[in-house]
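Read-outs throughout are calculated quantities, based only on the coordinates presented, and are distinct from any laboratory measurement. This is a predicted model, so every value here is computed, not measured. Note that we place each Cβ from the backbone using ideal geometry, even for glycine, and neighbour counts take in every protein chain shown.
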Amino acid sequence: MNEKYTKAYIVELLEKAKKVDSEYKVFGSRKHKYQLNPPVSMDEVLKLEADFNIKLPDDYVYFLTQVGNGGAGPHYGLYSLNELRQRQYCKKQDNELEPVIDDKLSKEMWNELMEQMDTDDDLYDEIEQHINTGLFIIGTQGCTYDNLLMCRGSETGKIVYIDWNLESDYPPFLTKMSFLEWYTGFFEDIVAGYSVQSYGYSKRGTQQELQEDYRKSVLLTDKLNNLQGFMRFDKLNAETIDFLYNTQDAETDSARLSVLLKFKTDLGMKLFDKFIEGGNISAAVSNIRRIPKEIQKKYYKRAIEILYEDNACDKKTLLYFIGDQECRKASDIIGFAKTSVEDSELQSTAIYVLGGCADAMEYENCFIAWMKGENYRIAHTALQAAISTNHRSYALMETFRWMEEKYKTDSVMRSNLRKVL
């Protein structure tokens, strides 16, 4: 264990952080108020380990027995021993299995596991047990996000973040930080005046260190973590701005543009204009809702063009951008909504945006066809969009009544239909 992380250092660090955040503006601080509970005995820790068949990392054991039994910590703080017992999903026997959360877990592997859980009830419990193997929940970020301390596998002793919604797009996030590194780093950032809004999701370090690490990095994930690290600062120096603007790396165009738009909007917009005109359309689209509100209308026409182009950009983000604009027209989007049938999520988004257009009900027949179609998601979105227009023609009301009969046992559809019938 690093000799830096002594009880005296941690206690002093908490006192400094509390002075900086005396009004408890940091997320979660109103709950713990920078206070720790009294430490527990080693016997209590050993009993906890035996009950869950798990070996807790040395630095975490040191913290529990010498510093504090939960209390102040990143996000909503750390659980006490009693809370730890109540919060665990794993059972004693689960920790005999091979852990899923490991540095070998790719996004593709996670997607496959989530698909199996969604489609095979017999495998659901088995996969869930494997996911729970070797993890110990020590705190929460709120909602369905928890802070895990890994006790087995490649991440032993390291902090991992997980979303218990278990969605394919959000695999566990490996912070690569030991418990005390993660714990003290949070309060060190508060004392330094850095943002801790997304603490742990990006690399820590000075601006110069982040630049150097970026240049040395081979993996895209490492490069992106370095770039995200710049978001901690309240301002960027000239060298960093130059680095972000002039680095030639198409893989990180989107991330670098995002940072520039936050800290140096004029240069960010210069890069955005270059990208949206063909330099890197995907990077521009991924940031299009981050450009200043007062100039967004200027890009409406180009957004419509890109929507219909054959490219790999995020069409969903593009649709939401179009929906943000007061000048939006259903006539500009209807063709896309009609032809994007192979992607129900994308088509659903297009229909949602259509519903917010003043001329939406010029395409009443399309909404009726969608509501009467076999795709539940599309029918539901079309219903919501049609209701939001306040248009109530005879044909539309007849469709609402038809849906009431078809979905007479569906509480979701009926709750929407009650607004108009």
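The alpha-carbon of Lys372 sits under 16 angstrom from the alpha-carbons of these lysines, leaving out residues fewer than 8 places away in its chain: Lys338, Lys406, Lys408. The range 184-240 and the range 36-76 have Cα centres lying 29 Å from one another. When peptides 144-152, 47-55 are ranked by their average number of other Cβ atoms within 10 Å per residue, the highest-first order is 144-152, 47-55.
Divided by 2.2 N^0.38 Å, where N counts the residues, the Cα radius of gyration of the chain comes to 1.17.
Put simply, the amide H of Leu36, placed in the peptide plane, has neighbours under 5 Å in Ala72, leaving out anything fewer than 5 places away on its chain. Looking at this model, which pairs from Lys270/Lys316; Lys203/Lys270; Lys91/Lys158; Lys216/Lys270; Lys264/Lys293 are more than 22 angstrom apart at the alpha-carbon? From Lys270/Lys316; Lys203/Lys270; Lys91/Lys158; Lys216/Lys270; Lys264/Lys293, over 22 Å: Lys270/Lys316; Lys203/Lys270; Lys216/Lys270. Taking a straight Cα-Cα cut-off under 15 Å and skipping sequence neighbours fewer than 8 places away in the same chain, the aspartates and glutamates within cross-link reach of Lys33 are Glu12, Glu15, Asp21, Glu23. A Förster radius of 45 Å, combined with the Cβ-Cβ distance separating Val20 from Asp359, puts the computed FRET efficiency at roughly 0.30.
In the chain, taking the dipole from charged Cβ atoms about the Cα centre, the farthest positive-side position among Ala312, Gly193, Ile131 is held by Gly193.
Secondary-structure-derived ellipticity at 222 nm for the chain, considering helices only, amounts to -15000 deg cm²/dmol, per-run term -39500 (n - 2.57) for DSSP H runs with n ≥ 4. Taking every pair of Cα atoms in the range 328-421, average 1/r, invert it to obtain the Kirkwood radius, and report Rg/Rh to two decimals. Reported Rg/Rh, Kirkwood definition of Rh: 0.94.
Membrane-span-like helices in the chain, defined purely by DSSP H runs whose alpha carbon atoms cover 27 Å or more axially and whose average Kyte-Doolittle hydropathy reaches -0.5, do not occur.
What does the net charge come to around Gly77 if you take all other residues with beta carbon closer than 14 Å to its beta carbon, with K and R at +1 and D and E at -1? List each step's numbers first, then the result.
Numbers: positive: Lys18, Arg30, Lys31, Lys33, Arg87; negative: Asp21, Glu83, Asp146.
Computed value for this residue: +2.
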